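The values are calculated or read from the model by the stated rules, or taken from the named source; none is laboratory data. It should be emphasised that the depicted structure is a prediction, and the values quoted were computed from it without experimental measurement. With ideal geometry, Cβ positions are generated from the backbone for all residues, glycine too; neighbour counts draw on all protein chains shown. These area figures cover heavy atoms from the full protein model, side chains too; ligands, DNA and RNA do not enter into them. Shrake-Rupley method; radii C 1.70, N 1.55, O 1.52, S 1.80 Å.
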Amino acid sequence: MTNGAAFDEPARYQIRVKGTLDESWSAWFEGLEIIAHVNQETILAGWVADQSALHGLLVKIHNLGLPLLAVLRESEITRE
């Protein structure tokens, strides 16, 4: 088990949600790339400053009523 300090550093994330967002939402999601996906899903991808910023993005997703499908940190993405 770690103390979590490693997660308070910038990291690349992919956040997959159910719903369709276009690129105009990028600024609202802190500059993340918006990638339309199949089955009315959207991937938000890019650098996130730390865990606090990640939680802020997840709150925005929740407030829009978009079902959260997956949150992957880059190290997890490269293992797939």
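Values as computed for the structure displayed
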{"read-out": "Listed residues Arg12, Arg73 arranged by accessible area, highest first, probe 1.4 Å", "value": "Arg12, Arg73"}
{"read-out": "Separation in nanometres of the label points that stand 7 Å from Cα toward Cβ, at His55 and His37", "value": "2.4"}
{"read-out": "Charged-residue dipole, Cβ positions (Lys, Arg, Asp, Glu), the chain about Cα centre, Debye nearest 20", "value": "220"}
{"read-out": "Projected label distance in nm at Glu30 and Lys18, using a 7 Å step from Cα toward the beta-carbon", "value": "2.5"}
{"read-out": "Helix-only CD estimate at 222 nm, as mean residue ellipticity for the chain, using -39500 (n - 2.57) per DSSP H run (n ≥ 4)", "value": "-7000 deg cm²/dmol"}
{"read-out": "Residue-normalised accessible area of the chain, expressed per residue, 1.4 Å probe, Å²", "value": "65"}
{"read-out": "Positive-end residue of Leu54, Ala27, Val38, charge dipole of the chain with Cβ unit charges", "value": "Val38"}
{"read-out": "Tilt relative to the chain, helix 51-63 - C-alpha long axis, 0 to 90 degrees, to 10", "value": "20"}
